[in-house]
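Okay, structure first, notes after.
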Amino acid sequence: MKILVCSSSIHKRGAVLDAAKRLGLPSPPDIQPREASSGVPNQPLGDDQTLLGALQRAGSNEPGHYVVALENGVTPRGKRFVDLAYVVIVAPSGHIVVRSSRSVPVPAELVVRAKNSGQQKTCGQLEAERTPGCDHADPHVVWSGGTTNRRNLLADAVEDALRAAIQAESQETEVTP
């Protein structure tokens, strides 16, 4: 099974690898990075921008392969903001599965600053500027109080989406007498 990951991010590729291992896919699975533009600002704001980024990264189906696209964004939930990712998987048949990750709260002042930058600076970059040792690509460790990280959040969502995509593919290929 070949899995094309629409990103060069080590967090995203690692999450897909972790999910494939959890699902018991052939080891090591053939996971290949594929650069793909999200077409949305560096800091997607809201569910619509974040989901659109993942869908645009997914692009078109490549026959015989699973295409995995992920996009993190900051979105309002009630009176607060959270970071979450949308995962889009395009299965070999063209079947599309969409899932979202668990979320972590994002300090509102970082969201305001990201908006004021024209969405060019991410909340993660802003957190890294104010918190020594914070990885701008994984501020989730800081925002969750050390209880999780980006790779784990993404791996959980990818596992769920990939399981659903594989199940959909097996139903597509079942032959009924």
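Summary of values
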{"quantity": "Inter-residue pairs, beta-carbon under 6 Å, first of a type in the set (A, V, I, L, M, F, W, C) and in region 42-53, second in a loop (DSSP other than H, G, I, E, B) and crowded, with 19+ Cβ neighbours inside 10 Å, 6+ apart", "calculated": "Leu52/Val40"}
{"quantity": "Residue that is farthest from Asp138 (Cα to Cα), among those in region 6-47 that are surrounded by fewer than 16 Cβ atoms within 10 Å (Cβ to Cβ) and in contact with a strand residue (DSSP E or B) (Cβ under 9 Å, 6 or more places away or on another chain)", "calculated": "Asp30"}
{"quantity": "Qualifying residue in region 85-102 (condition: over 14 Å from the mean Cα position of the chain (by Cα) and within 24 Å of Pro139 (Cβ to Cβ))", "calculated": "no"}
{"quantity": "Test: residue in region 83-106 that is more than 30 Å from Ile3 (Cβ to Cβ) and in a strand (DSSP E or B)", "calculated": "yes"}
{"quantity": "Filtered residues of region 32-41 (kept if touching a residue at least 40 places away in the same chain (Cβ under 8 Å) and either more than 22 Å from Leu110 (Cβ to Cβ) or under 12 Å from the mean Cα position of the chain (by Cα) (or both))", "calculated": "none"}
{"quantity": "Candidate set from region 90-109 (those that are out of contact with any His (no Cβ under 8 Å at 6 or more places or on another chain) and at pLDDT below 95); member that is surrounded by the most Cβ atoms within 10 Å (Cβ to Cβ)", "calculated": "Val90"}
{"quantity": "Residue match in region 132-140 (condition: more than 22 Å from Val5 (Cβ to Cβ), modelled with pLDDT of 95 or more and either polar (S, T, N, Q) or touching a Cys at 6+ places or on another chain (Cβ under 8 Å) (or both))", "calculated": "no"}
{"quantity": "Residue list for region 11-41, filter: part of a loop (DSSP other than H, G, I, E, B), modelled with pLDDT of 90 or more and touching a helix residue (DSSP H, G or I) at 6+ places or on another chain (Cβ under 8 Å)", "calculated": "Leu23, Ser38, Gly39, Val40, Pro41"}
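The values are calculated or read from the model by the stated rules, or taken from the named source; none is laboratory data. Note that the structure is predicted; figures quoted are calculated from it, not measured. Glycine also receives a Cβ, built like all others from the backbone with ideal geometry; neighbour counts cover every protein chain displayed.
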